[in-house]
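Derivation of every value follows stated rules applied to the coordinates shown; laboratory data play no part. Predicted, not measured: the structure shown is a model, and the values here were computed from it. All Cβ positions, even for glycine, are placed from backbone atoms using ideal geometry, and neighbour counts span all protein chains on display.
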Amino acid sequence: MKKLFSIENLTVLGIILGIAFGVFFKEQALLIKPLGDAFLSALKMITIPLIFASVFVSIASLSSVNEIKDMGIKTILYYFSTTALAVATGIIVVNLIHFSPPEGLTFSDENVHINKEFSFESLIKSFIPSNIFQSLAEGKVLHVIIFSILFAISVLTLQQYKKDIITNFFDGINDSMLTIAKWIINLSPLGVFALVAYIVAEKGLSSIFSLWQYVLAVIVGLFIHAVVNLGLIAFLIGKVNPFKYFLQVKEALLIAFSTSSSSATLPVSMEVAEKKAGIKKKVAGFVLPLGATINMDGTALYEAIAAMFVASFYGIHLSIGEQIIIFFTASLAAIGAAGIPSAGLVTMTLVFSAVGIPLEGIALILSVDRFLDMLRTTVNVWGDLIGAKIIDRFVKD
Ligand code: ASP
């Protein structure tokens, strides 16, 4: 009985009831937005201190610079190769589906806030903080991670007593943030109910049907990547049963689905990875924050499919060469996307510009973006969690 009413099961129920409430009680569902926002704020509140502390502790607890290199290289290798695999899957799916040029499709009347400034230059700049306190305050996750890594490496060179003081201090912060995460997780059934109900009421489900071909392609692509590609990688390289692992970490996936934010999900991913899946603290503390920021398999796959769908709307035929350009730019655009709702939509401009698809075409897919964001964020977080499990296997205690 206790198991039946577990937080995970109640969270699933929250999502289902949220969808129903959003469809049938639209006005009331719009009113409960503050409840969902409060839940999201609570998660975001602990994200930055948690990232700072966990990345620091994870690096500072490694015994040598070689060990840092070893874990870093393996993590980056995993992230880059799975992102590439995700985009390739997306491109193959689109080539198999063959979008028929959608008829009667109109541009969404929502305002498109597209940052046309996104470029390689801004991508490079996004790595280096000029004022770490500003980056902390503004929640610039990549800046915080990079500073935290440098800080931890420098601490490794200090005298032992100084090193111990600083490391214990951040270790304490890390553990207390995870305790707060646990408290917030207990509120997730209510939080996800409000978030999902509001989004369904605001956006309406009907747009999903008018863009069904595109929605289906994204769902099929994400499903293949999450179940087949990542499942096989977990099984063959990580030597874990992906289904069993899925059950251990599902709370994080439910939160990812409901919040559409890898960053906001991070406290929950770290909680379940360490406490339920038994992943070493130094691995979870490094691999997951980095993954929430640069590893976005779902987003990469989605951007490739979106670009090819919009191209077909404009009657643009994409040659193999152009599809290869999409492959590279979608991978980069996903790395550059922040772990927040709709971030992928902004970085998608890089992909569109690279192959000459009109940027205004983004307005075409805007109405379903928020729903697809839920799915791609879930795959993003699943990719991070599989990565943590695999790296955990190769890192000694
Ligand atoms: N919402 C996604 C995430 O947080 C990013 C995106 O694709 O928009 O992982």
Exercise. Using only Cα positions of region 188-244, each an equal point scatterer, no hydration layer, compute I(q)/I(0) via Debye at q = 0.15, 0.27 Å⁻¹ and quote the log10 values to two decimals.
Key: -0.72, -0.93
Self-check item: Helix runs (DSSP H) in the chain reaching 18 Å along axis by Cα, Kyte-Doolittle at least -1.0
Solution: 7-24, 33-60, 65-97, 141-156, 160-186, 188-203, 242-259, 281-294, 297-313, 320-336, 343-355, 362-394
Exercise. With label points built 7 Å along Cα→Cβ from the Cα atoms of ASN186 and SER206, find their separation and express it in nm.
Key: 4.3 nm
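Rounded to the nearest 0.05, what FRET efficiency is calculated for LEU359 and SER130 with R0 set to 25 Å and r the Cβ-Cβ distance?
Computed FRET efficiency for LEU359 and SER130 comes out at 0.30.
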Exercise. May I ask you to give the average projected area over all directions of the convex hull of the Cα atoms of the chain, in nm² rounded to one decimal?
Key: 19.7 nm²
Quiz prompt | Proximal lysines to LYS140, defined as alpha-carbon separation beneath 16 angstrom and excluding residues fewer than eight positions away on the same chain | solution = LYS44, LYS125
Quiz item: Alpha carbon centre of region 229-262 versus region 341-366: separation in Å?
Solution: 28 Å
Quiz item: For PHE328 and VAL228 in the same chain, what is the full-extension length gain: residue separation times 0.36 nm, less their Cα-Cα distance, in nm?
Solution: 33.8 nm
Quiz item: Fewest to most neighbouring Cβ within 10 Å: what's the order for HIS143, HIS98, HIS225?
Solution: HIS98, HIS143, HIS225
Quiz item: Arranged by the count of other C-beta atoms within 10 angstrom, fewest first, what order do LEU318, LEU30 take?
Solution: LEU30, LEU318
Quiz item: Scattering from the C-alpha atoms of region 209-350 alone, worked out with Debye: what is log10 I(q)/I(0) at q = 0.10, 0.16, 0.20, 0.22 1/Å?
Solution: -0.39, -0.94, -1.33, -1.48
Self-check item: Gyration tensor (alpha-carbon) shape descriptor, region 31-95, a/c threshold 1.5
Solution: oblate
Quiz item: Which of MET45, MET296, MET374 comes first, and how do the rest follow, when ranked by fewest Cβ neighbours within 10 Å?
Solution: MET45, MET374, MET296
Exercise. First measure r as the distance between the Cβ atoms of SER154 and LYS69, then evaluate 1/(1 + (r/R0)^6) with R0 = 22 Å and state the FRET efficiency to the nearest 0.05.
Key: 0.90
Quiz prompt | SER176 versus HIS317: modelled label distance in nm, points set 7 Å from Cα along the beta carbon direction | solution = 6.5 nm
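Ranking request for peptides 229-240, 359-370, 52-63: highest mean number of other beta-carbon atoms within 10 Å first, then the rest in descending order. Numbers along the way, then the final one.
Working: 229-240: 16.8, 359-370: 19.7, 52-63: 23.2.
So the order, starting with the most tightly packed, is 52-63, 359-370, 229-240.
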Quiz item: Among the lysines, which have Cα under 22 Å from the Cα of LYS244 when same-chain residues fewer than 8 positions away are ignored?
Solution: LYS2, LYS3, LYS182, LYS275, LYS276, LYS280, LYS281, LYS389
Quiz item: Points 7 angstrom from Cα along the Cβ direction at LYS244 and ILE16: gap in nanometres?
Solution: 2.7 nm
Quiz item: How much mean residue ellipticity at 222 nm does the chain get from its helices, if each DSSP H run of length 4 or more adds -39500 (n - 2.57) and you divide by all residues, to the nearest 500 deg cm²/dmol?
Solution: -25500 deg cm²/dmol
